[in-house]
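J.: Input: one structure, supplied below.
Here, each number is a calculation from the coordinates, and none is a lab measurement. Keep in mind the model is a prediction, meaning the values are calculated, not measured. Neighbour counts run over all protein chains shown; Cβ positions are idealised from the backbone, glycine included.
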Amino acid sequence: MRHRHLLPNELDLLLDGEAGFGIAPLAAHVEECPACRARLADARLVVDALEALPHFAPTLRFADQVMAEVQIVEPWYAAPLEAFRRIVPQSRPMRVVTATSATVAAATMSALALWLALRADAALYLFGLVTDRARGVMVSGAAALAGQLLGQPGLDAIRSGSVGSLALGAGLLLAAVGGATFGFRALATAARRARE
């Protein structure tokens, strides 16, 4: 081993007090080589200084504090898979019941979709009926809201259909929406300040 100096891992073996057939040549080289002997002595000083330092254990919450600062990137499929695992029951009988229920629901929906596809006229009639009912409910609700906001004279003016009355109604509606927005924003600001 006279042709080269010891490598750092070989010095570590000597510092650790390892035993074995490969250690004797390293120790013999250190006895013959003043440069390696000096490097080993310097390394022993560092190890002794480190051993002299006080040993301490981290707090119990240290790992939690470190992990709170670590950005963990989950794959795209992790969240849906976890949601699916929460939905699926743990016991085998409940999984069978759930699978049976899902199969019956899927078959019923498929049969209904097939029936509606074969009966397009009935589907269009049902769609028209539902939209007419929804339109009627929305118009009566808007009329009731306008009656509450504007009173009966304002509602009569809107029903008359003049441009001025429609502009007045639109302006009052915009003022009401703006006031509500301002009020909600003020409430949110007050709530945020109360939490701080």
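J.: Please order 7, 53 by the number of other Cβ within 10 Å, starting at the fewest.
T.: Fewest to most other Cβ atoms nearby, the residues stand as 53, 7.
J.: Per q in 0.20, 0.29 1/Å, what log10 I(q)/I(0) does a Debye calculation on the alpha-carbon atoms of region 8-52 return?
T.: -0.62, -1.09
J.: Which entry is the computed Kirkwood radius over Cα pairs in Å for this structure: (i) 17.6; (ii) 28.6; (iii) 20.2?
T.: Evaluating Kirkwood radius over Cα pairs in Å on these atoms matches (ii).
J.: Then there is this: Give, in nm to one decimal, the length gained when the segment between residue 28 and residue 188 is fully stretched (0.36 nm per residue of separation minus the Cα-Cα distance).
T.: So the extension gain works out to 49.7 nm.
J.: Same structure again: Suppose every Lys and Arg Cβ carries +1 and every Asp and Glu Cβ carries -1, with no other charges. What dipole size does region 8-52 come out with about its Cα centre, to the nearest 20 debye?
T.: Numbers: 3 positive and 9 negative charges, 26 e Å.
The dipole of region 8-52 has a size of about 120 debye.
J.: At 18 angstrom or more along the helix axis (alpha-carbon based) and mean Kyte-Doolittle of 0.5 or higher, what helices does the chain contain? Whole DSSP H runs only.
T.: 92-118, 120-160, 163-195
J.: Turning to a different aspect of this structure: Mind checking which of 15, 52, 29 is farthest towards the positive end of region 8-52's charge dipole, using Cβ charges of +1 (Lys, Arg) and -1 (Asp, Glu) about the Cα centre?
T.: 29
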